[in-house]
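The values are calculated or read from the model by the stated rules, or taken from the named source; none is laboratory data. In this text the structure is predicted, and so the values were computed from the model without any measurement. In this analysis, Cβ positions are derived from the backbone assuming ideal geometry, glycine residues included, and neighbour counts consider all displayed protein chains.
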């Protein structure tokens, strides 16, 4: 083996990409169906189940806030990684600026979401 091995941070981003992809594939369609179709039409629960007071109570509990944070942050990381690797397909050879934009936005949004949800719980 070569002594010039370089450490890579790629596994971290692939982990976030994979987790976000799995959640978006498994939970995304269900969330769209429940929040956009089933509850407004009264198919599963009453329309009052998604009222502002119920959703605020969900977001103010630590389990609900954690669920919201995981979903939002992993969806963003998945999208950022997918966009970064799709730039090559459209003829943009990604450099440092593209990495900063594609990974910086999910990082900042994850921190902002965590701060907002922590302050709402405490």
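Here are some conditions: (1) under 26 Å from residue 11 (Cα atoms); (2) surrounded by 14 or more Cβ atoms within 10 Å (Cβ to Cβ). Residue 111 meets all but one. Which one does it not meet?
(2)
Of the residues in region 95-105, how many are without any contact (Cβ under 8 Å) to a residue 60 or more places away in the chain and either under 12 Å from the mean Cα position of the chain (by Cα) or crowded, with 16+ Cβ neighbours inside 10 Å (or both)? Don't jump to the end; show me each part of the working.
So in region 95-105, the residues without any contact (Cβ under 8 Å) to a residue 60 or more places away in the chain come out as 95-102, 104-105.
This time we only want the ones that are either under 12 Å from the mean Cα position of the chain (by Cα) or crowded, with 16+ Cβ neighbours inside 10 Å (or both), so: 102, 105.
The number of residues fulfilling the criteria is 2.
Would you please list the contacts, defined by Cβ atoms under 9 Å and residues six or more apart or on different chains, that run from a residue in region 25-52 that is within 20 Å of residue 68 (Cα to Cα) to a residue that is loosely packed, with under 10 Cβ neighbours inside 10 Å?
Pairs found: 39/46.
When both residues are 6+ apart or on different chains and their Cβ atoms are under 6 Å apart, which pairs have a first residue that lies in region 81-93 and is at positive phi and surrounded by fewer than 13 Cβ atoms within 10 Å (Cβ to Cβ), and a second that is part of a loop (DSSP other than H, G, I, E, B) and modelled with pLDDT of 85 or more?
From region 81-93, no pairs qualify.
Please work out if residue 33 is surrounded by 11 or more Cβ atoms within 10 Å (Cβ to Cβ), over 22 Å from residue 116 (Cα atoms), out of contact with any helix residue (DSSP H, G or I) (no Cβ under 6 Å at 6 or more places or on another chain) and at pLDDT 90 or above.
Yes.
Condition test on residue 60, is it under 30 Å from residue 122 (Cα atoms), in contact (Cβ under 8 Å) with a residue 60 or more places away in the chain and under 20 Å from the mean Cα position of the chain (by Cα)? Working first, answer last.
Numbers: under 30 Å from residue 122 (Cα atoms): yes; in contact (Cβ under 8 Å) with a residue 60 or more places away in the chain: yes; under 20 Å from the mean Cα position of the chain (by Cα): yes.
Yes, satisfied.
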